[in-house]
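The values are calculated or read from the model by the stated rules, or taken from the named source; none is laboratory data. On a predicted model such as this, the values are computed, not experimentally measured, just so you know. Every residue, glycine among them, receives a Cβ derived from its backbone with ideal geometry; neighbour counts consider all protein chains shown. Ligands, DNA and RNA are excluded from the accessible area calculation, which covers all protein heavy atoms including side chains. Shrake-Rupley method; radii C 1.70, N 1.55, O 1.52, S 1.80 Å.
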Protein chains: 2
Amino acid sequence: MGAMDKSPQTADGTVGKALHVLDMVAAHMRPVRFNDILTDSPYPKATLYRLLQTLTNQGMLSFDPDGGTYAPGIRLVRLAHSAWRQSSLAPLARPHLDELSSQVQETIHLAQLDRGQVLYVDKRNAATPVEMFSQAGKVGPGYCTGVGKAMMAYLNDDAREDAIRHQSYFRHTDHTLTSPDALRAELAHIRSRGVAYDREEHEVGIICIAAPILLPGGRMIGALSITTSTQHKSLRDLDQLEPMLQACANNIAGAAENWQFPS
Amino acid sequence: MGAMDKSPQTADGTVGKALHVLDMVAAHMRPVRFNDILTDSPYPKATLYRLLQTLTNQGMLSFDPDGGTYAPGIRLVRLAHSAWRQSSLAPLARPHLDELSSQVQETIHLAQLDRGQVLYVDKRNAATPVEMFSQAGKVGPGYCTGVGKAMMAYLNDDAREDAIRHQSYFRHTDHTLTSPDALRAELAHIRSRGVAYDREEHEVGIICIAAPILLPGGRMIGALSITTSTQHKSLRDLDQLEPMLQACANNIAGAAENWQFPS
DNA sequence: TATCTAGTTTCATTATTTGGAACTACTACA
DNA sequence: TGTAGTAGTTCCAAATAATGAAACTAGATA
């Protein structure tokens, strides 16, 4: 048997498989039947069946007997609370986002990178007050969002190539970058410029300016963006906000720096 | 080998063990060293070591090389988003909580039961605007909180006895119920009364009135509470709010009822 | 340098996972 | 009512992965 044919997603023995199944259930946005999962799972029926049983047993999934459907379980909500507090930038960045939000009347996103994808961990909306859990945890593509490109640009070479490789390059709009080469060039440009733009690459009419959050050592720990619509503002207008965006990114980096497990 | 000597926490093979380890890491509220986990883990060094490696590999934990500490990983945040939206009452209850919140100038909690413990899934605070993810996912004890008792009271007999058995009965205040019998009696009383009170049982000066959320069939799916301080209001005052509390609980139950996977 | 502690690797043994296939329970259709 | 199909569950021998005692390594401490 070849040694190269295990997908990275699926490695790591039984636990890896179980977590992969968990992901598959979570990926559908509604409760799923056994068969739905079976369809896009690499595992044989019996195996999948037992993985689902185990996960349900453990409270990671919930099973609805009428309808026979599985959904992510509340044990995850409990675990996530602690993950969000400890491993995300959000709690640390909160005051700085509040400050930026008061300076800028636009939507602000705070994101981190999770396996080449953008994970939004906090958000401020100009209009509506705050709307959290429902937004934090959302994922988006890396290659066609401002925060995604800003973060990828500042990964080290290996990690960056890896991330470039894992994008889908789906053409969302006419402006979407649809090849690894185009993306690679864009990332180089972002590095020299210091900020990334989303030029309606993900959604027509939506543009943004994004900055990476970099620790003094240079390590990239996340990104921050200011989003607006073309009806409302232009990229030039967004450039006006760059100093505030960068200042906020720096403040967050500073807060993250001076923070290693207070005894 | 006996069949009875596996703790329920730890059953379910390797996956169960891995998830147990995940819980242990999440339970500490700061990043933990290998040894910290080893201390309160039932697993031998080598086993624990590999479980941690697997989990880290999978992004369920993050490992910080300086300091050699583990913390819950951001993959959890992503999973939780979908769990919160699908398996918690919160998204469904949101408009009803908003309504109650506007009627009542007090703190409101929405909770569900997770293995005998209270899991808060949403919150409205009279003073501060909204403060979500940081609150949702929090856990609390069942035997000494209003929502905890309200939920336990309406479990079926088996599940209720099970929950009663799993409480710690730590004496937080002079009013804390500290024995299964006392709790059992209180739960019977709650069932006859329809609401539960927290009479400074968890924290001195903090009282609340809580109602279960019951589907028409009688199944308990969560609880709702209005909290205040003794300086501010008395239990009698809280009784004035009972109709609104119950109405809100009913509304949420109604919303939950008329909601089975819309195709 | 010696001693201790924390973390990592090894490897033969053991136990669990695996998955093809058989089975059951429903549903749909003739 | 019978027959075919679909969805979910159980079985069991073979294959594989997990186990854990012990040896080892790297840092820290004295």
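Position residue B:42: other-copy label points at 3.2 nm, ordered by increasing distance, label point 7 Å along Cα→C-beta. Each residue of segment A:143-160 was assigned a 3J(HN,Hα) from its phi angle through the Karplus curve 6.51 cos²θ - 1.76 cosθ + 1.60 (θ = phi - 60°); the sequence is 6, 10, 10, x, 4, x, 5, 4, 6, 4, 4, 9, 6, 6, 3, 4, 4, 5 Hz, with glycine and proline shown as x.
Sort A:177, A:110 by heavy-atom solvent-accessible area, probe 1.4 angstrom, most to least.
Working: A:177 35, A:110 0 Å².
I get A:177, A:110, largest accessible area first.
For segment A:27-59, a decrease in accessible area of 10 Å² or greater in the assembled protein chains relative to the isolated chain, with a 1.4 Å probe, applies to A:29, A:30, A:31, A:54, A:55, A:57, A:58.
For chain B, a Gaussian network of Cα nodes joined below 10 Å ranks B:101, B:41, B:192 by mean-square fluctuation, and the top entry is B:41.
Is the shape of chain A rounded, prolate or oblate, going by the alpha carbon gyration tensor and its root eigenvalues a ≥ b ≥ c, with a/c under 1.5 for rounded and a/b larger than b/c for prolate? Kindly include the intermediate steps, with their values, before the conclusion.
Values: a/c = 1.80, a/b = 1.58, b/c = 1.14.
Prolate, since a/c reaches 1.5 and a/b exceeds b/c.
Entry note, chain A: relative contact order of 13 percent, from Cα contacts under 8 Å with a spacing of 6+ residues.
Our helix-only sum for chain A, with -39,500 (n - 2.57) per DSSP H run of n ≥ 4 divided by its residues, gives a mean residue ellipticity at 222 nm of -13500 deg cm²/dmol. Across the identical copies, the label point of residue B:184 (7 Å from Cα in the Cβ direction) is separated from its matches by 7.1 nm, in order from shortest.
For the Cα trace of the protein assembly as shown, dividing Rg by the Kirkwood Rh returns an Rg/Rh value of 0.98.
Across every direction, the projection of the convex hull enclosing the Cα atoms of segment A:8-76 has a mean area of 4.4 nm².
Taken over the protein assembly as shown, lysine pairs spaced eight or more positions apart, or on distinct chains, with alpha carbons under 26 Å apart number 29. Here the protein assembly as shown exposes an accessible surface that is 52 percent carbon and sulfur, computed with a 1.4 Å probe and the other protein chains kept in place. Sparsely packed loop sites in segment B:135-220 (the trypsin sites (Lys or Arg not before Pro) outside DSSP H, G, I, E and B with at most 12 other Cβ atoms within 10 Å) comprise B:171.
Can you give the accessible area per residue of the protein assembly as shown, in Å², using a 1.4 Å probe?
On the way: 24160 Å² over 526 residues.
Spelled out: the 1.4 Å probe surface of the protein assembly as shown, per residue, equals 46 Å².
The mean number of partner chain beta-carbon atoms within 10 angstrom of a residue's beta-carbon across peptide B:85-93 is 5. Charged neighbours of residue B:142, selected by a Cβ distance under 10 Å, balance to +1 (K, R count +1; D, E count -1). Residues whose amide H falls under 5 Å from that of residue A:107, counting only those 5 or more places apart or on a different chain, are A:126, A:227, with hydrogens built in the peptide plane. Applying the Karplus relation 6.51 cos²θ - 1.76 cosθ + 1.60 with θ = phi - 60° to segment A:58-63 yields 3J(HN,Hα) values of 8, x, 7, 10, 10, 10 Hz, where x marks Gly and Pro. Normalise the Debye intensity by I(0) for segment A:62-178, one equal point scatterer per Cα, no solvent, then take log10 at q = 0.15, 0.19, 0.20 Å⁻¹ and round to two decimals. Here the Debye-derived log intensity ratios amount to -0.84, -1.10, -1.15.
What is the packing order of peptides B:207-214, A:202-209, B:241-248, taking the mean over residues of other C-beta atoms within 10 Å and listing the highest first?
Numbers: B:207-214: 24.9, A:202-209: 18.9, B:241-248: 16.6.
Put in order of decreasing packing, that is B:207-214, A:202-209, B:241-248.
The other copies place their residue A:59 label points at 2.5 nm from this one, listed shortest first, where each point is 7 Å from Cα along Cα→Cβ.
Report the accessible surface area buried between chains B and A, summing both sides, using a 1.4 Å probe on protein heavy atoms only, in Å² rounded to the nearest 100. Buried area between the two chains comes out at roughly 5800 Å².
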